[in-house]
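Colleague: There's a structure below that I have some questions on.
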Amino acid sequence: MKPLAFWVIGLVIALGVFALVVNVVRETSRVLVVVDSSFPMTEVWDRVSGELDEIDDQRYSEFALATEKSLVHSWSQELRLGAVTPFAPCDFGEIAAYTEIADADDLILITTSASCPTEAFSDWSIIFLDP
């Protein structure tokens, strides 16, 4: 019976060490999320926080959040929109200036089809929230 107990203990230790090594070695991916905060988003604004919650459920990721007008927060473990509310017309011209784009592994835009054209974001994942 003793050899079986030693074997089980050895297996548990080996699996624990393997899990620890995988957690330490695994790289964290960086995800930049840009939320359109223009007037056309007013109708779907209450759904934005739900989308952000789904996105930040990804394991081994850190997130930066911005609107088309300004950076909300840089790299963090969760997406916090804070007190942002939709205002002003849409203008995606400022997004290219965010330094987080260069560091990001994934780029996500949350918008509505009634807002600005999104042709310039062909390499981004686009989430359309339509009423």
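Colleague: Within region 91-118, count every residue that is part of a loop (DSSP other than H, G, I, E, B), more than 18 Å from Pro40 (Cβ to Cβ) and either small (Gly, Ala, Ser) or touching a helix residue (DSSP H, G or I) at 6+ places or on another chain (Cβ under 8 Å) (or both).
Modeller: Going through region 91-118 one residue at a time, the tally reaches 1.
Colleague: Collect the residues in region 40-56 that are open to solvent by 70 Å² or more (accessible area, probe 1.4 Å), within 19 Å of Ser125 (Cα to Cα) and free of Cβ contacts under 8 Å to residues at least 40 places away in the same chain, keeping them in residue-number order.
Modeller: Answer for region 40-56, where residues must be open to solvent by 70 Å² or more (accessible area, probe 1.4 Å), within 19 Å of Ser125 (Cα to Cα) and free of Cβ contacts under 8 Å to residues at least 40 places away in the same chain: Asp53, Glu54.
Colleague: For region 57-68, check the following and say yes or no: at least one residue is open to solvent by 50 Å² or more (accessible area, probe 1.4 Å) and either touching a residue at least 40 places away in the same chain (Cβ under 8 Å) or within 20 Å of Ala114 (Cα to Cα) (or both).
Modeller: Scanning region 57-68 turns up no residue that is open to solvent by 50 Å² or more (accessible area, probe 1.4 Å) and either touching a residue at least 40 places away in the same chain (Cβ under 8 Å) or within 20 Å of Ala114 (Cα to Cα) (or both).
Colleague: If you don't mind, there's one more thing I want to ask. Quick one: is Arg80 outside any helix (DSSP H, G or I), among the basic types (Lys, Arg), under 12 Å from the mean Cα position of the chain (by Cα) and within 19 Å of Trp124 (Cα to Cα)?
Modeller: no
Colleague: Further question on the same structure: Is it the case that region 8-21 has a residue that's under 22 Å from Ala120 (Cα atoms) and either under 18 Å from the mean Cα position of the chain (by Cα) or outside any loop (DSSP other than H, G, I, E, B) (or both)?
Modeller: no
Colleague: Tell me yes or no: at least one residue of region 11-26 is within 26 Å of Leu129 (Cβ to Cβ), open to solvent by 30 Å² or more (accessible area, probe 1.4 Å) and among the polar types (S, T, N, Q).
Modeller: For region 11-26, residues within 26 Å of Leu129 (Cβ to Cβ), open to solvent by 30 Å² or more (accessible area, probe 1.4 Å) and among the polar types (S, T, N, Q): absent.
One line per residue, one yes/no per condition, for (1) in contact with a strand residue (DSSP E or B) (Cβ under 9 Å, 6 or more places away or on another chain); (2) farther than 24 Å from Glu27 by Cα:
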position: Ser38; (1), (2): yes, yes
position: Thr42; (1), (2): no, yes
position: Glu62; (1), (2): yes, no
position: Leu71; (1), (2): yes, yes
position: Trp75; (1), (2): yes, no
position: Arg80; (1), (2): yes, no
position: Thr111; (1), (2): yes, yes
position: Thr118; (1), (2): yes, yes
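Colleague: Next up: Does any residue of region 93-105 turn out to be without any contact (Cβ under 8 Å) to a residue 60 or more places away in the chain and more than 13 Å from Leu32 (Cβ to Cβ)?
Modeller: yes
Colleague: Which residues, taken from region 96-131, are closer than 15 Å to Val72 by Cβ, small (Gly, Ala, Ser) and surrounded by fewer than 15 Cβ atoms within 10 Å (Cβ to Cβ)?
Modeller: Hit for region 96-131 is Ala97, nothing else.
Colleague: Now, a different point. Could you grab me the full set of residues in region 81-95 that are surrounded by 10 or more Cβ atoms within 10 Å (Cβ to Cβ) and hydrophobic (A, V, I, L, M, F, W, C)?
Modeller: Passing the criteria: Leu81, Val84, Phe87, Ala88, Cys90, Phe92, Ile95.
Colleague: Keeping to region 36-65, report how many residues are touching a Leu at 6+ places or on another chain (Cβ under 7 Å) and not acidic (Asp, Glu).
Modeller: The number of residues fulfilling the criteria is 9.
Colleague: Oh, and also: Working carefully through the options Glu27, Glu54, find the one that is assigned to a helix (DSSP H, G or I) and closer than 14 Å to Asp106 by Cβ.
Modeller: Glu54 is the lone residue from the list that is assigned to a helix (DSSP H, G or I) and closer than 14 Å to Asp106 by Cβ.
The values are calculated or read from the model by the stated rules, or taken from the named source; none is laboratory data. Here the structure is a predicted model, which means the values were calculated and not measured. Counting neighbours? That spans all protein chains shown, and the Cβs are built from the backbone with ideal geometry, glycine included. The area values use the complete protein model at the heavy-atom level, side chains included, leaving out ligands, DNA and RNA. Shrake-Rupley method; radii C 1.70, N 1.55, O 1.52, S 1.80 Å.
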